[in-house]
1. From the list Phe61, Phe19, pick out the single residue that is more than 19 Å from Phe118 (Cα to Cα) and at pLDDT below 95.
2. Filter the range 259-317 down to the residues that are over 30 Å from Glu157 (Cβ atoms), touching a strand residue (DSSP E or B) at 6+ places or on another chain (Cβ under 7 Å) and among the acidic types (Asp, Glu) and list them by number.
3. Given the condition in contact with a Phe, Trp or Tyr (Cβ under 9 Å, 6 or more places away or on another chain), surrounded by fewer than 17 Cβ atoms within 10 Å (Cβ to Cβ) and assigned to a helix (DSSP H, G or I), answer yes or no: does some residue in the range 274-284 qualify?
4. Answer yes if at least one residue in the range 240-248 is in contact with an Asp or Glu (Cβ under 9 Å, 6 or more places away or on another chain) and under 30 Å from Tyr297 (Cα atoms), and no otherwise.
5. Considering the range 204-222 alone, what residues qualify as being in contact (Cβ under 8 Å) with a residue 24 or more places away in the chain and either among the polar types (S, T, N, Q) or under 15 Å from Gln303 (Cβ atoms) (or both)?
6. Being buried (at least 19 other Cβ atoms within 10 Å of the Cβ) and either out of contact with any Cys (no Cβ under 9 Å at 6 or more places or on another chain) or not assigned by TED's automatic domain parsing to the domain that holds Val290 (or both) narrows it down to one residue among Leu192, Leu184; which is it?
7. Among the residues of the range 141-180, which ones are farther than 20 Å from Tyr53 by Cα and of a type in the set (Lys, Arg)?
8. Looking at the range 25-47, which of the residues that are modelled with pLDDT of 90 or more and under 20 Å from Asn62 (Cβ atoms) is surrounded by the fewest Cβ atoms within 10 Å (Cβ to Cβ)?
Amino acid sequence: MQGVISLSVIVKELKLYQFKNHENISLSFGDKINAITGSNGIGKTNILDAIFYLGNTKSYFNPSDKQIISLGCSETSIFGKVTKDQEYELLGVFGEKRKKTFKKNGKPYTRLVDHIGFLPSVFITPHDISLVFEGSEERRRFMDFTISQINKEYLTELIRYRKVLDQRNAYLKSCEGRSVDPLLLEGFDEKLAFSGHEIHRVRTSFIADFLPHFQRIHKELAEEDTSVSFEYFSPISDVTFQDLLLKNRALDIAAQRTSSGTHKDDLIFEMAGMPLKKFGSQGQIKSYVVALKLAQYEFLSKQTGDKPLLLLDDIFEKIDEQRSKRLMELVCSDRFGQIFISDTHHERVKEHFDPFGVDFKQIRIGSESLTE
């Protein structure tokens, strides 16, 4: 749903307890640029990840919640004071012997998915190059994360699809050495097809809406006329899901897993009509990925009416001087709201932002005074 840009989402305070390498830390932030600086290994990225966790109920980097608990500890908590239309207090708690819970103003969520989208955020890290070089799962995750921030029904359908897919795969595996019950399998197929077609429909619509944002921002960032695009590939683009499952039934039974479906969808990245992965230079690939993330930000902002949080991790180490200067020009504009950036050199960050006269707060980690 198209919205009108309103006030930015702002994180005012953050308190971490036994989160990764932060035993107990309290931080306060400015409304625009927050530069978190310090030596390597001190926990700068972990602070950005905690902010992401506060909005998404999971880590950007660690698939298991157990990996976010400080070594030797049994639980962790993340507290944030944020402003949106009013002031809110958010609290996330997880432990080895306690269920993960999230609270907003002291009231726990019945379902964690109901929190998704309340504190929208976009994270840009050096690891994002995996969007180009890793498997299709990374690109599906990019699509699904973006859509789920604005479409709760889609997120619910994804969860339902994954549950049925796991059940179908478990059943196929249990049938090793014996015949499959066709009626039971058809029951799984019907449920999988219903969710799969809905996921495909929403992804198709998303790609059509998202592509112009990406192409425009890439041109601004790269300042070159090279055409960029991407193509949505899905095995059910030209066939119904149930026909696809029926066609691959013998293969699925032999492999004991569901070999095709929307869980195999992909994005094919292109530059000048050629596959980016094979023909793009290192600089071109980095610009492409950063443009994808900035387009994600613009898309979410347009759709929700909120300016998401922008988290930039170690960005100056990974792109050249020209591109970093252009990136700073973009993020310092009023198109973006609150920004968190990590870097090893506090003077370098100051030099990049000083020319733009924006509200700037520097937070040094590992020193006696955490702010200046």
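1. Numbers: Phe19 fails: at pLDDT below 95.
Just a single option satisfies the conditions, and that option is Phe61.
2. Correct list: Asp313, Asp314.
3. Restricting attention to the range 274-284, the residues satisfying the condition of being in contact with a Phe, Trp or Tyr (Cβ under 9 Å, 6 or more places away or on another chain) are 275-277, 280.
Within this subset, residues satisfying the condition of being surrounded by fewer than 17 Cβ atoms within 10 Å (Cβ to Cβ) are 275, 277.
Remaining after also requiring assigned to a helix (DSSP H, G or I): 277.
Yes, the range 274-284 contains at least one residue that is in contact with a Phe, Trp or Tyr (Cβ under 9 Å, 6 or more places away or on another chain), surrounded by fewer than 17 Cβ atoms within 10 Å (Cβ to Cβ) and assigned to a helix (DSSP H, G or I).
4. At the first step, the residues of the range 240-248 found to be in contact with an Asp or Glu (Cβ under 9 Å, 6 or more places away or on another chain) are 241-242, 245-246.
Then keep just the ones that are under 30 Å from Tyr297 (Cα atoms); that gives none.
Scanning the range 240-248 turns up no residue that is in contact with an Asp or Glu (Cβ under 9 Å, 6 or more places away or on another chain) and under 30 Å from Tyr297 (Cα atoms).
5. Those that are in contact (Cβ under 8 Å) with a residue 24 or more places away in the chain and either among the polar types (S, T, N, Q) or under 15 Å from Gln303 (Cβ atoms) (or both): Thr204, Phe206, Ile207, Asp209, Phe210, His213, Phe214.
6. On the way: Leu184 fails: buried (at least 19 other Cβ atoms within 10 Å of the Cβ).
The conditions single out Leu192.
7. The answer is Arg160, Arg162, Lys163, Arg168, Lys173, Arg178.
8. Ile25
The values are calculated or read from the model by the stated rules, or taken from the named source; none is laboratory data. Predicted, not measured: the structure shown is a model, and the values here were computed from it. Cβ: placed from backbone, ideal geometry, glycine included. Neighbour counts: every protein chain shown.
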